[in-house]
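Since the structure comes first, as structure tokens, the remarks are kept for the end.
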Amino acid sequence: MKRREMIKKTGAALLGASVVGLPAFGQDTQSSTSKKRKAVIVGAHPDDPESVFGGTMLALKAEGWDVVSIYMTKGEAGIPGKSYDEAAAIRKVEAENACKVLGVKPIFLTQIDGSSEINKERYVEMREAIAAENPDIVFTHWPIDSHADHRVCSSLVYDAWRRLGYTFELYYGEAMTGLQSQSFFPTDYVDISDFAAKKREACFCHVSQDPEGWVDDWHGNMAKFRGREIGVAQAEAYVHLIKGKGSIGF
């Protein structure tokens, strides 16, 4: 079998040829109960779900999944010269516009950009938000990251995964690897070649964040690099966290 054919066959179980390596989970449940499968994407700020996971969201939507984008903050500290309330109002609308482009539902939590917390109340907030959606799969930030909000978001989602009884598959994505995400070595890939233009359109909804300065140079080039790793034009890469993997056994 040629390498390119092997890649496509590997991903056929979940999203045809568009996903490489993601497991064929939940299919029996769907066929027996007619429950539509759901993916939840959890990002720290407006523009994180779109830039890190946007192609995957579109690939899932194309296969009939429900997709929800959870924003841990509203980007309060993200616009110089604006108050937190002013910036939050602007960036919330930008995120909603991006979700319209992607065809996904936005949910906003109550943490503050740049001042995110890990405590009992924040664990509960994240867990309840995810539980309410009852997802089959969740994507969030890789935990080794130079941005504190990304690390907080990742930890809160990980805790929810454990406390909800590992009822969904958990995948970590990369944000500006080298500058933000560190030591990221993918286990799985999503071929986003057919969705890259629409992902870019969603990212450019975040006008206040100067998308011309980072969307193509960072995430666009990352997608091309990850695509080369698996023999496609563009891809998003993930680390799949598996319950018990790596345990010593005592």
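Being in a strand (DSSP E or B), farther than 16 Å from Gly54 by Cβ, in contact (Cβ under 8 Å) with a residue 12 or more places away in the chain and β-branched (Val, Ile, Thr) narrows it down to one of Val239, Val157, Val152, Val190, so name that one. Walk me through it before giving the result.
Details: Val157 fails: in a strand (DSSP E or B); Val152 fails: in a strand (DSSP E or B); Val190 fails: farther than 16 Å from Gly54 by Cβ.
Step by step, each of Val239, Val157, Val152, Val190 is checked, and only Val239 is in a strand (DSSP E or B), farther than 16 Å from Gly54 by Cβ, in contact (Cβ under 8 Å) with a residue 12 or more places away in the chain and β-branched (Val, Ile, Thr).
Would you check if there is a residue in the range 124-143 being among the polar types (S, T, N, Q) and more than 25 Å from Trp65 (Cβ to Cβ)? Spell out how you get there, then give the answer.
Residues of the range 124-143 that are among the polar types (S, T, N, Q), as a first pass: 134, 140.
From the residues that got through so far, the ones that are more than 25 Å from Trp65 (Cβ to Cβ) too are none.
No, every residue in the range 124-143 fails to be among the polar types (S, T, N, Q) and more than 25 Å from Trp65 (Cβ to Cβ).
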Practice item. Return yes when Ala175 is open to solvent by less than 40 Å² (accessible area, probe 1.4 Å), aliphatic (A, V, I, L, M) and in a helix (DSSP H, G or I) and no when it is not. Key: no
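Asp188: open to solvent by less than 50 Å² (accessible area, probe 1.4 Å) and at pLDDT 95 or above, yes or no?
Judged against the criteria, Asp188 is a match.
Is it the case, given these coordinates, that Met222 is open to solvent by 20 Å² or more (accessible area, probe 1.4 Å), under 17 Å from the mean Cα position of the chain (by Cα) and over 23 Å from Ala62 (Cα atoms)? Quick ask: steps written out before the conclusion?
Numbers: open to solvent by 20 Å² or more (accessible area, probe 1.4 Å): yes; under 17 Å from the mean Cα position of the chain (by Cα): yes; over 23 Å from Ala62 (Cα atoms): no.
It is false that Met222 is open to solvent by 20 Å² or more (accessible area, probe 1.4 Å), under 17 Å from the mean Cα position of the chain (by Cα) and over 23 Å from Ala62 (Cα atoms).
Answer with yes or no whether Asp194 is buried (at least 19 other Cβ atoms within 10 Å of the Cβ) and over 20 Å from His45 (Cα atoms).
Values: buried (at least 19 other Cβ atoms within 10 Å of the Cβ): no; over 20 Å from His45 (Cα atoms): yes.
Judged against the criteria, Asp194 is not a match.
The values are calculated or read from the model by the stated rules, or taken from the named source; none is laboratory data. Just so we're clear, the structure is a prediction, and the values are computed from it rather than from any experiment. Don't worry about glycine lacking a Cβ; one is built from the backbone with ideal geometry, like all the others, and counts go over all protein chains shown. Each accessible area value is taken on the protein alone, full model and side chains, heavy atoms only, with ligands, DNA and RNA left out. Shrake-Rupley method; radii C 1.70, N 1.55, O 1.52, S 1.80 Å.
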